[in-house]
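What follows is a set of notes on a single structure, which appears directly below.
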Amino acid sequence: MSVSSFTSEQENAASEFFARFCGIVFSSLKRRDQRRWARLYIRGLLSIEGRKTMRGIASLEAEPAVEQSLQQFISQSPWGWISVRRALAGYLEQAIRPIALVAEPLVIPKSGDHSVGVERRFVQKLGRLANCQQVVGVWLASEQAAFPIDWRLILPESWTDDPGRRRRAGIPDEEVSLTVEECAAEVVTSIVHGWGLKPRPVVMDAREIDLGRLIYELSARQVPFVLRVNDSVPVSPSDPRIPMGMGRRIEAGRLVDALRDVNRIVESRRPPSMGATPAPQSVVVAARVHTPFHSATAQDEPPALTLLGACLGPERRSVAVWLSNITTLPPTTLLRLAETAERVAWDRAGVTHRLGLRDFEGRSFRGWHHHVTLVSAAHAFWMLLSGARDHRLFPPGPTPAVPTAQTPRTA
């Protein structure tokens, strides 16, 4: 996560790009010192190996009291993180040609009980109780790369109902305890309807959360979605051409298997390291189905959804199943949207975690949001810089306009 392998010419180009990038993303920070600390923090996230600490980042500057100033900038300074995230998203929309918003629930393990929002809870992926924060991240994703643009911290009632904890962590009055499903729906809605981005479907892995509640929350907000679901989800075919018969209740995975011989073969778009080489081919199947999950807009009966399945290998067994409220796109296009969730998982593990997403040790609500915002910016800079070195990562296209008059010098 450094530019140490660059030639001197590449280092100069990277420094110029860093200045232009920061000039756009941090244009809402009106004070020069705030822009300086933001650039320094990103430099630290990009260049320090291992755990990202305030002391380690401050050591990049030889001046006295840098650590104290940086701590104040992250934990106390009242700069607006939403404005920075919106600027980042707007820049990325022009740079990467995204096709989907991917919402991803995450748990961040923590020691102690002072980090804002931390609680001991059962984590299904770990199969045990763990002390952790629970968050929802939203990513702007293309078929080639994915970038985090927004974050929500899910606050349990043990925090929202405790005035002392709220005061010490600086939790705003409007923050309430939400379920994962409610939080995911709220955060994607705020982006879809309030950030000025082009409308895009929301993709989400819903295998470990309340699928019915998520469908209800997203449909209530009129958000188009593609949701990864368990094979065992019950569905009822609504197409009379399906041999299994209309209205019959069947597991989604079994229906996909029954239909796999009558659909076309498409090339998998998974990253090379996430699948076989060369990329395997998959059979994609789709059918209109009803589910037992009610929509906020359908009062009489559960809505008809699109069941999407992908099968791999010589036996063409189903390996992934999705439900979508999108009816106007062909199955192959829906599959490419669905697979952006795998792109997110790959880039998060390979880049975002290494840039310190889990490393914030402060106790303030504001500090946590400032930290993850700057991690998002560092992720975007690193990925875009890598894309400039490898033209296969991003399709050719116009470079986003850069307001040179507002470009600061690198710290």
Picked from region 283-298 (must be out of contact with any Phe, Trp or Tyr (no Cβ under 9 Å at 6 or more places or on another chain) and of a type in the set (S, T, N, Q)), the residue modelled with the highest pLDDT is Thr291
How many residues does region 383-392 contain that are open to solvent by 40 Å² or more (accessible area, probe 1.4 Å) and either touching a helix residue (DSSP H, G or I) at 6+ places or on another chain (Cβ under 9 Å) or at pLDDT 55 or above (or both)? 2
Among (1) more than 22 Å from the chain's Cα centre (by Cα); (2) touching a residue at least 40 places away in the same chain (Cβ under 8 Å), the one test that Ile99 misses: (1)
Which pairs do you get when a residue that is open to solvent by 80 Å² or more (accessible area, probe 1.4 Å), found in region 163-181, comes within reach of a residue that is not charged (D, E, K, R), reach meaning Cβ atoms under 8 angstrom, with the pair 6+ apart or on two chains? Val176/Leu155; Val176/Thr160
The number of residues in region 102-123 that are part of a loop (DSSP other than H, G, I, E, B), in contact (Cβ under 8 Å) with a residue 40 or more places away in the chain, surrounded by 17 or more Cβ atoms within 10 Å (Cβ to Cβ) and more than 20 Å from the chain's Cα centre (by Cα) is 2
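Please go through region 251-275 and give me each residue that is touching a helix residue (DSSP H, G or I) at 6+ places or on another chain (Cβ under 8 Å) and modelled with pLDDT of 70 or more, ordered by number.
In the first step, residues of region 251-275 are kept if they are touching a helix residue (DSSP H, G or I) at 6+ places or on another chain (Cβ under 8 Å); the result is 263-264, 266, 269-271, 273-274.
None; the set is empty.
For region 131-147, does any single residue satisfy the condition of being without any contact (Cβ under 8 Å) to a residue 12 or more places away in the chain and either of a type outside the set (S, T, N, Q) or in a strand (DSSP E or B) (or both)? Working first, answer last.
So the first thing to find is which residues in region 131-147 are without any contact (Cβ under 8 Å) to a residue 12 or more places away in the chain, and the list is none.
No.
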Scanning region 310-362 for residues that are at pLDDT below 90 and basic (Lys, Arg) gives Arg316, Arg317
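Across region 38-83, what is the number of residues that are under 24 Å from Ser386 (Cα atoms) and not in a loop (DSSP other than H, G, I, E, B)? Talk me through it step by step, then tell me what you get.
Taking region 38-83 and keeping what is under 24 Å from Ser386 (Cα atoms), we get 38-52, 57, 60.
Next, from what is left, pick out any that are not in a loop (DSSP other than H, G, I, E, B): 38-47, 57.
Qualifying residue count, region 38-83: 11.
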Among (1) modelled with pLDDT of 95 or more; (2) within 19 Å of the chain's Cα centre (by Cα); (3) in a loop (DSSP other than H, G, I, E, B), where does Asp150 come up short? (3)
Any idea how many residues of region 193-232 are within 17 Å of Ala146 (Cα to Cα) and not in a loop (DSSP other than H, G, I, E, B)? 5
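Name every residue in region 343-365 that is of a type outside the set (A, V, I, L, M), more than 18 Å from Ala95 (Cβ to Cβ) and open to solvent by 10 Å² or more (accessible area, probe 1.4 Å), in order of residue number.
Quick first cut of region 343-365, residues of a type outside the set (A, V, I, L, M) only: 343, 346-348, 350, 352-354, 356, 358-365.
Still in the list and also more than 18 Å from Ala95 (Cβ to Cβ): 346, 348, 350, 353-354, 356, 358-365.
Trp346, Arg348, Gly350, His353, Arg354, Arg358, Asp359, Phe360, Glu361, Gly362, Arg363, Ser364 - these are the residues of region 343-365 that are of a type outside the set (A, V, I, L, M), more than 18 Å from Ala95 (Cβ to Cβ) and open to solvent by 10 Å² or more (accessible area, probe 1.4 Å).
Against the condition modelled with pLDDT of 95 or more, crowded, with 23+ Cβ neighbours inside 10 Å and more than 24 Å from Arg207 (Cα to Cα), how does Trp368 come out, does it pass?
Details: modelled with pLDDT of 95 or more: yes; crowded, with 23+ Cβ neighbours inside 10 Å: yes; more than 24 Å from Arg207 (Cα to Cα): yes.
When the stated conditions are applied, Trp368 passes them.
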In this structure, is Gln94 surrounded by fewer than 18 Cβ atoms within 10 Å (Cβ to Cβ) and in contact (Cβ under 8 Å) with a residue 60 or more places away in the chain? yes
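The values are calculated or read from the model by the stated rules, or taken from the named source; none is laboratory data. Quick caveat: nothing in here was measured; it's all calculated off a predicted structure. For neighbour counting, all protein chains shown are included, and Cβ atoms are generated from backbone atoms with ideal geometry for every residue, glycine included. With ligands, DNA and RNA removed, areas are computed over all heavy atoms of the protein, side chains included. Shrake-Rupley method; radii C 1.70, N 1.55, O 1.52, S 1.80 Å.
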